Amino acid sequence: MKNIPLSALVGLFFTALYFLGALFAPLLAPYGMAEVVGDVWEPSSAEFWLGTDNIGRDLLSRMIYGGRTTIFIATVATIISFTTGAVVGIFAAVAGGWIDQVLSRFVDLIMSIPTLIFALVVLSVTPVTVPMLILVMGLLDSTRVFRLARAVAVDIEVMDFVEAARLRGERTAWIIFREILPNALSPLVAEMGLRFIFMVLFVSTLSFLGLGVQPPEADWGGIVKENKDGIVYGIPAALLPAFAIATLAISVNLVADWVLNRTTSLKGGRG
Amino acid sequence: MTDTAVLKVRDLKIGATIYPPGEKPHEIEIVHGISFDLEPGKVLGLIGESGAGKSTIGLASMAYGRGGVEITGGEVWVNGRDILQSRHSDIRKLRGGEVTYVSQSAAASFNPARTIMEQVVEAAVEQGKFSRRDAEGRARELFAKLGLPDPDNIGARYPHQVSGGQLQRCMTALALCPEPDLVVFDEPTTALDVTTQIDVLMAIKEAIRDTGVAALYITHDLAVVAQVSDDIMVLRHGDTVEYGPVDQIINTPQEEYTQALVSVRSIDHEEKAPTEEPVLSVRNITARYKGTKFDVLHNVNVDLYPGQTLAVVGESGSGKSTLARVITGLLPPREGEIHFAGRTLTPDFNARSREDLRELQMIYQMADVAMNPRQTVGTIIGRPLEFYFGLRGAKKRQRIIELLDEIELGESFMDRYPAELSGGQKQRVCIARALAAKPKMIICDEVTSALDPLVADGILKLLLNLQKIEDVAYLFITHDLATVRAIADNIAVMYKGKVQRYGQKSQVLSPPFDDYTDLLLSSVPEMKIGWLEEVIAHRKMESAGN
């Protein structure tokens, strides 16, 4: 762990900053999340560092609370997406035959429908609560993880040590969790960084369209939606969440890149 | 030392950056000051085990370092110029023009999307040595000289349309096409079957003689290098062990290490007579792979007796590994039965009892991929103990240590990962994993072919020793007849999916031979100068790989 490159350090620093900000939001935010404290769209001042929003709430506080919601939803959804996607994907590769065919074609079917439209349809007929949001996002995204996990596992599955385990008489669960998963973990973890960012964008998009996090709860997509009319008058409030998403995306990806580099160098030269 | 030398290497030092797990990357020196001269028309054999630095030296003569390898000191003179001091553009002219290279795996080195001819003439045309027409004419001449069939049209084929031995000869033509002064052969016959190797070897030797080119011949097989070289340099850990004419190295080696190389495979093994009940009987097995329309095995019958070794010999494609897959149950046969320890085995391994699985273990050719890189040696050996015998905690640990002692490693290896082991140590761990199950029989699939001769020798001795202690039977699959001589009690020679010859070792290896067995036996390189010519002169049949 001593040789962390500068880019990864920067990434780690900002990622940690965002996650800590999310964790300690009530302590950090100067005002309450839904508290109206000033005029509409006040410019930034010593009192309101980032100014106020469309109904006079402190924007900095809303950004911090919004980050908390967005990052929480994205994190849990990513975890759901990874556990289901990876386990089912590796299972498909190990089982092979018609089980693999059925699972893979089913995933193809889901993937053929644009994710956003699928999510909008599902969320318009179900009550929009945070757990429901997380579940829909996680399961829809797990199709992507399934593809990756299956592709990686198919390559590992044909190696002699897996054959040796089968010949020993091991059960499928052992082969998935003890033989294949530890070897598939590196590319999956690297992919996780990217998928997390897609999740942030996904939940922001849903909120922007009004089917994500419901007001007065704050989240980054919601803040854009509430303040978008201000852009016409030169009010930058709607751009702040965009800036937050961009920096979070870049820093998480710097970390993901580093993980990827580490995994490729593990294999060594001509080994 | 003269100035006519094509290649003159002085005090060559090569370094590399290594990345040991858990430590900082650091520089190490892998070649420590090598010097030699190569006159026009002469062949120098570089020999040594893996890691000796022989390929690295070969590439350094083209001023190239592969991967993180860097030339850190010394001089390399080609035709009177120190190429390590040359500009990049000059080195470009050198490579593929004055110095060319033949790699080990022609199949991996040719571009599968382009015809052979395009690739053979590319360097010669690119370097401006010949016009495209002349280069193609020269290539056809070389194809004929190298004994390729239909030399006028073979260039129009794609790499996958010729056999492995032919492709290796095409690559030799590629290297000779630009009329180089020096060719570097890097293990050109190692990946080939013995019967094919001999033809390629002869072709290379004649081509070198006829074109008068100088050559560096890199290999780990002393018997092979003795056939083609004028001088031999024995390398070990990046140092010169011994350097001299072939005759002296082969017949009167001075250094202990060279003597060991020359006398390798000195194992004496008395064959045992068959006992009453075989532990394994393969009866009338015919098998084919799913989705194909021809049988890979035809009516195979062999027996293996308890505590003995049955060697299954043949070249690639003879069906010997398929036989192992049928016995283990990975490939259920179309016809026939397998009797094991008095029971009839279910064709598919999924339906076999845990006892059946336990008593029939397997050791693989590539120890690298036969072990999970994310498990420690302790876990790898401990799992069968836990799985078959329910051993846990201190008892399991005790047994793992016993097994590590049996394979001559030690307790300290328990927490190592496979990446931290050498090739021979890896194979030993695989042996321990098989033994942990206390099997009646172990299938050894080419277990020594990926190892250096001295290391392989150690593994064979260990296997023989363990056979005495544990009374386990081996089904030993190999293409290497020297190995067979060393350890077998019974031999089955396989050819095109059939058992060509089967019986006790002494019978199988004594005349009269059938044509195939004769070809196979005579193709094993012997450490004798002039052996190659003798064999070619006395051959009765063409090898299948041609």
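Throw me the Rg/Rh for the protein assembly as shown, computed over C-alpha atoms with Kirkwood Rh, two decimals.
Reported Rg/Rh (Cα atoms, Kirkwood Rh): 1.06.
Do the sum for chain A: with -39,500 (n - 2.57) for every DSSP H run of n ≥ 4, divided by all residues, what is the mean residue ellipticity at 222 nm, to the nearest 500 deg cm²/dmol?
Theoretical 222 nm ellipticity from helices: -23500 deg cm²/dmol.
Take the alpha-carbon centre of segment B:126-173, take the same for segment B:264-333, and report the distance between them in whole Å.
39 Å
Tell me, what is the percent relative contact order of segment B:280-510, built from C-alpha pairs under 8 Å that lie six or more residues apart? Don't skip to the answer; put the middle values down first.
Working: 432 pairs, mean separation 69.1, N = 231.
This gives 30 percent for segment B:280-510.
Can you give the angle from 0 to 90° between the axis of helix B:423-436 and the longest principal axis of chain B, with both taken from C-alpha atoms, to the nearest 10?
Long axis of B:423-436 versus the principal axis of chain B: about 10 degrees.
Return the FRET efficiency for the residue pair B:Glu355, B:Arg283: r is the Cβ-Cβ distance, R0 is 22 Å, and the value is rounded to the nearest 0.05.
0.55
Convert each backbone phi in segment B:45-60 into a coupling constant with the Karplus relation 6.51 cos²θ - 1.76 cosθ + 1.60 (shift: θ = phi - 60°), then list the ³J(HN,Hα) values in order as whole Hz, x for Gly and Pro.
x, 9, 10, x, 7, 5, x, 6, x, 6, 5, 4, 5, x, 6, 5
Taking every DSSP beta bridge that has both residues in segment B:124-259, what percent is antiparallel when rounded to the nearest 5?
Here the share of antiparallel DSSP bridges comes out near 55 percent.
Can you give the Kirkwood hydrodynamic radius of segment A:119-228 from its Cα pairs, in Å with one decimal?
Values: mean 1/r = 0.0608 Å⁻¹.
Over segment A:119-228, the inverse of the mean reciprocal pair distance is 16.4 Å.
In whole Hz and in residue order, list the ³J(HN,Hα) couplings for segment B:238-251 that follow from phi through the Karplus curve 6.51 cos²θ - 1.76 cosθ + 1.60, θ = phi - 60°; x for Gly and Pro.
Couplings: x, 10, 6, 8, 7, 9, x, x, 3, 3, 5, 4, 6, 8 Hz.
Karplus couplings for segment B:324-339 from phi (6.51 cos²θ - 1.76 cosθ + 1.60, θ = phi - 60°), rounded to Hz, Gly and Pro as x?
Couplings: 5, 5, 5, 5, 6, x, 6, 10, x, x, 7, 9, x, 9, 10, 9 Hz.
Can you figure out the FRET efficiency of A:Phe118 with B:Ala394, using R₀ = 45 Å and their beta-carbon distance, to the nearest 0.05? Display every interim value, and only then the final one.
On the way: r = 55 Å, r/R0 = 1.22.
In this case the efficiency is close to 0.25.
Can you give the relative contact order of segment B:7-262 as a percent, counting alpha carbon pairs under 8 Å and 6+ residues apart?
Values: 489 pairs, mean separation 67.5, N = 256.
Relative contact order comes out at 26 percent.
How big is segment B:339-430 along each principal axis, measuring the range of its Cα positions in Å and listing the largest first?
Result, largest extent first: 41, 31, 22 Å.
What share of all Cα pairs of segment B:7-262, in percent, falls into each consecutive 10 Å distance bin?
With a bin width of 10 Å, the distribution comes to 7, 30, 35, 21, 6, 0.
Given the C-alpha atoms of chain B, compute the convex hull and give its volume per residue in Å³.
Per residue, the Cα convex hull of chain B comes to 165 Å³.
Segment A:1-71: which chymotrypsin sites (Phe, Trp or Tyr not before Pro) are DSSP loop and have at most 14 other beta-carbon atoms within 10 angstrom?
Here the chymotrypsin sites (Phe, Trp or Tyr not before Pro) that fit, given the DSSP loop and packing criteria, are A:Phe24, A:Trp49.
At 222 nm, what value in deg cm²/dmol follows for chain B if DSSP H runs of at least 4 each add -39500 (n - 2.57) and the sum is divided by all its residues, to the nearest 500?
Here the helix-only value at 222 nm equals -10500 deg cm²/dmol.
Nearest 0.05, what FRET efficiency do B:Thr292 and B:Asp348 give at R0 = 25 Å with Cβ-Cβ as r? The partial results should precede the final answer.
Numbers: r = 18 Å, r/R0 = 0.74.
Computed FRET efficiency for B:Thr292 and B:Asp348 comes out at 0.85.
Taking amide H atoms as placed 1.01 Å from N in the peptide plane, list the residues 5 or more away in sequence, or in a different chain, whose amide H sits under 5 Å from that of B:Thr309.
B:Tyr474, B:Asp489, B:Asn490
If you fit an axis through the alpha-carbon atoms of helix B:164-176 and take the longest principal axis of the Cα set of chain B, what angle between them do you get, 0 to 90°, nearest 10?
Value to nearest ten degrees: 20.
Kindly put A:Leu254, B:Leu304 in sequence by how many other C-beta atoms sit within 10 Å of each C-beta, fewest to most.
A:Leu254, B:Leu304
Could you work out the pair-distance distribution P(r) of segment B:35-111 from its alpha-carbon pairs, with 5 angstrom bin width and percents rounded to whole numbers?
3, 12, 23, 27, 21, 11, 3
Between segment B:367-439 and segment A:61-111, how many Å separate their Cα centres?
If you average the Cα positions of each part, the centres end up 36 Å apart.
So how do B:203-215, A:99-111 stack up, highest first, on mean other-Cβ count within 10 Å?
Highest-to-lowest ranking by the protection proxy: B:203-215, A:99-111.
For B:Gly73, list long-range residues whose amide hydrogen, built 1.01 Å from N in the peptide plane, is under 5 Å from its own amide hydrogen.
The answer is B:Lys13.
At 10 °C and a viscosity of 1.306 mPa s, what translational diffusion coefficient does Stokes-Einstein give for segment A:50-105, taking Rh as the Kirkwood radius over Cα pairs? Give it in µm²/s as a whole number.
Estimated via Stokes-Einstein, D reaches 111 µm²/s.
Per residue of A:156-162, count partner chain C-beta atoms within 10 Å of its C-beta, then hand back the mean as an integer.
Details: counts 2, 0, 1, 8, 12, 14, 3.
Average per residue, whole number: 6.
In cubic angstrom, how much convex hull volume per residue do the alpha carbon atoms of segment B:280-510 span?
123 Å³
Measure nothing but the geometry: give the 0 to 90° angle between the long axis through the Cα atoms of A:130-157 and the longest principal axis through the Cα atoms of chain A, rounded to 10°.
Approximately 30 degrees, to the nearest ten.
Which GluC sites (Glu not before Pro) in segment B:377-459 sit in a loop by DSSP (not H, G, I, E or B) and have at most 15 other Cβ atoms within 10 Å of their own Cβ?
B:Glu408
At B:Asn465 and B:Thr4, where each label point lies 7 Å from the Cα along Cα→Cβ, what is the point-to-point distance in nanometres?
5.2 nm
Based only on the alpha carbon positions, what is the Kirkwood hydrodynamic radius of chain A, in angstrom?
20.6 Å
Among the chymotrypsin sites (Phe, Trp or Tyr not before Pro) within segment B:276-359, which fall in a DSSP loop and have no more than 12 other Cβ atoms within 10 Å of their own Cβ?
Sparse-neighbourhood loop chymotrypsin sites (Phe, Trp or Tyr not before Pro): B:Tyr289, B:Phe294.
For the residue pair B:Ser109 and B:Glu270, what label-to-label distance in nm results when each label sits 7 Å from Cα along the Cα-to-beta-carbon direction?
Here the answer is 4.8 nm between the modelled labels.
Charges on Cβ only, +1 for Lys and Arg, -1 for Asp and Glu, centred on the Cα centroid of segment A:16-265; of A:Val40, A:Leu181, A:Ala218, which one is farthest towards the dipole's positive end?
A:Leu181
Any read-out appearing in this document is the output of simple, stated calculations on the displayed coordinates, not a laboratory observation. Here the structure is a predicted model, which means the values were calculated and not measured. Positions of Cβ are backbone-derived with ideal geometry, glycine not excepted, and every protein chain shown enters the neighbour counts.
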